[in-house]
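FYI, it's all coordinate maths here, none of it is from the lab. Model, not experiment: these values are computed from the prediction. Heads up, the Cβs are rebuilt from the backbone with ideal geometry, glycines too, and the neighbour counts pull from every protein chain shown.
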Amino acid sequence: MSEKLLYTVPKEYDGIKAIVFLKKHCGLSSRMITQLKREKNGILMDGKILRTVDFLKNGSVVEINLPNEISDILPVKGNLEIVYEDEHIVIINKPPYMPVHPVKQHQTDTLANYLSYINKQKGEDYVFRALNRLDRNTSGLVFIAKDRFTAYALKNGISKTYLAFCHGKTKSYGTISSPIGLKDESKIVRCVRTDGAEAITHFKTLEIFNNYSLLELSLETGRTHQIRCHMSSIGHPLLGDDLYGGEMALINRQALHCNSMSFIHPVSGEKIIVKIPLPIDMLSIIQKCKKQD
C-alpha cells in the first residue's frame, strides 16, 4: 500500500536541517528515513528531492512517499465490526474466541484473515500490524496501523481502558505494581515473581454485584496476561478465567473486554476517542447477578 504524507513547514523550522524536522515534527524513525532516502522520490520539498542535510524554508511543502507494502495474510471471508477507519488506521471490535493473527493452530479463522478479505474487496493491501493484541478469549478493540509510519508514531501512544468482572468485593481504587514472569515449568501461565518484568495495573470499581465486582482497568505496562495475573495475585481472579483461578459458572471465558481507546492522530493531530459497550456474554453476568438478589 502506497501512502503520501504532506507537511507544511512551520516558522519554527525555517532554516532548520531536514533531519530534525523529519524526526521531531513528522515523527519518522532513523530507520524509516534511511529507507525513504533509498526510494525514488521518497522525500521531496516543493517537488524536489530533499536531503536530510538540506535546510528547510517556511511555508514549503514536504512530501513523504511511503513505499508499497503487500500483505502475506490469507484472505478469508468472515464477519468483522469496524468501529473506526481512515487512510492510516482501522479499529475493530473483536468478539471473544477469535484469534487476532494466524498461529499454528489457527491459520484461517483470525481477525487478520477476515480483514485481509475485506481489504481485498476494497482494493486495499497493507501489512497487518496490530498495535495491541488481545488474547483469543478477550473481547474488544484492536488497533491496526495501515503503514509503518503510523505503527511507529503510535507504538506507545494509545491509551486503553478495559472492563472486567472479578471475584470478590474490591476496594474503590487500587494499583497493583508487581513484576510478572512465566510460572516455573509453564510456557503460558504468568505469575508475580521478583525476577519478573515490571508491571503496573490501575483499577477502579464501577459496581459490585453480590460477591462480584465490575472494574475499569488501565495499564502502564503491557505484559502478557497482565490484568489476569495481577487480579488473581490479589485474590480477585476474573470470572471465567480458570487458568488463573476464576470460576466459569457465569461465563465460559475470561470476563475481560477492551472498551475504549484514545490517541492523537499522527497525521491530522486530532484527538480520537473510540468507545464500545460490553459484549452480550458480559452483560448477561449483570442480569444473572440481579436475579440472584
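Some points to look at:
- Among the listed pairs K24/K155; K17/K57; K171/K275; K122/K275; K171/K288, those beyond 18 Å (Cα-Cα): K171/K275; K122/K275; K171/K288
- Largest GNM mean-square fluctuation across K94, K104, K271, computed for the chain with C-alpha springs under 10 Å, falls on K104.
- Sorted by Cβ density within 10 Å, fewest first, the residues L217, L74: L74, L217
- Rg and Dmax [Cα atoms of region 1-142; Å; Rg one decimal, Dmax integer]: 19.0, 55
- Compared with the dominant principal axis of the Cα atoms in the chain, helix 111-122 is inclined by about 40°.
- Cross-link reach list, aspartates and glutamates versus K290, counting only Cα pairs under 13 Å and skipping chain neighbours closer than eight places: E207
- Residues whose amide H comes within less than 5 Å of that of R129, counting only those at least five positions distant or on another chain, are A145 (H built at 1.01 Å from N in the peptide plane).
- For region 238-255, 3J(HN,Hα) computed residue by residue from phi via the Karplus equation (6.51, -1.76, 1.60; θ = phi - 60°) reads 6, 4, x, 9, 5, 5, 10, x, x, 8, 10, 5, 9, 7, 9, 7, 4, 7 Hz, glycine and proline entered as x.
- Sorted by Cβ neighbour density within 10 Å, fewest at the top, the residues E216, E198: E198, E216
- A Stokes-Einstein calculation at 20 °C with viscosity 1.002 mPa s, built on the Kirkwood radius of region 62-191 over Cα pairs, returns a diffusion coefficient of 126 µm²/s.
- Per-residue Cβ neighbour rank within 10 angstrom, fewest leading, D147, D54, D72: D72, D54, D147
- A viscosity of 1.002 mPa s and a temperature of 20 °C, combined with the Kirkwood radius over Cα pairs in Stokes-Einstein, give a translational diffusion coefficient for the chain of 100 µm²/s.
- Proximal aspartates and glutamates to K104, defined as alpha-carbon separation beneath 19 angstrom and excluding residues fewer than eight positions away on the same chain: D72, D135
- Stokes-Einstein translational diffusion, region 3-66 - Kirkwood Rh over all Cα pairs, 1.306 mPa s, 10 °C, in µm²/s: 140 µm²/s
- Dividing the helix sum by the residues of the chain, where each DSSP H run of 4 or more adds -39500 (n - 2.57), gives a mean residue ellipticity at 222 nm of -5500 deg cm²/dmol.
- Comparing mean-square fluctuations of R223, R136, R193 from a GNM of the chain with C-alpha springs under 10 Å, the top value falls on R193.
- Comparing L66, L182, L256 in a Gaussian network model of the chain, where Cα atoms under 10 Å apart are tied by springs, the biggest mean-square fluctuation is seen for L182.
- Region 228-293-region 38-92 distance, computed between alpha-carbon centres (Å): 34 Å
- Using equal-weight Cα scatterers in the Debye expression, the normalised intensity of region 194-283 in log10 at q = 0.10, 0.13, 0.17, 0.25 Å⁻¹ is -0.32, -0.53, -0.83, -1.42.
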